[in-house]
Amino acid sequence: MGTLDHVKLLEAKVISALDFVKQVSEENRQLKEQAKTQQKQIEELKQLIQAYKDEYAQIEEGILSALNQLNHFEDAIADRLSHVLTPAEPATGGAPPAHDDTPHPDQAQS
């Protein structure tokens, strides 16, 4: 093989290598663009997740507050009912009058 053949073979290999480098460079550019797009999507999703976490915390706080208010309301109602339903003690402080079986004078005797 002559020198000219060696040069042509070298030229063909250089052209092949340059084509390969161009192809790899284009793939690299596309992958970087995809990575950039995906990173942007990741950041948007992180923000969305944080917004949901914040909203969940507010909902949970609202529910706990409502439950606390309901407990206070139930306690207040129970307290008022206990005062209303508890029989009042006589003013004299003694025992209630015993039941008298004697007929009342207005009742007719049979």
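Key figures for this structure:
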| quantity | calculated |
| --- | --- |
| Distance in nm between pseudo-label sites at Glu60 and Asp75 (7 Å out along the Cβ direction from Cα) | 2.4 nm |
| Of Ala76, Ser16, Leu4, farthest towards positive along the dipole that unit charges on Lys, Arg, Asp, Glu beta carbons give the stretch 1-77 | Leu4 |
| Centre separation in Å (Cα based) which lies between the stretch 13-33 and the stretch 35-81 | 52 Å |
| Filtered chymotrypsin sites (Phe, Trp or Tyr not before Pro), the stretch 12-81: DSSP coil and at most 13 other beta carbons within 10 Å | none |
| Sum of side-chain charges, Leu18 neighbourhood, beta-carbon under 13 Å (Lys, Arg +1; Asp, Glu -1) | -1 |
| Cut-off 13 Å between beta-carbons: net charge of the residues surrounding Glu60, Lys and Arg +1, Asp and Glu -1 | -2 |
| Net charge of Cβ neighbours under 13 Å - reference Gln47; Lys, Arg +1; Asp, Glu -1 | -1 |
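Computed from the coordinates by the stated procedures, all read-outs in this text should not be read as laboratory data. These numbers were taken from a predicted model, which means no experiment stands behind them. Please note: Cβ atoms are built from the backbone with ideal geometry, for glycine as well, and neighbour counts cover all protein chains shown.
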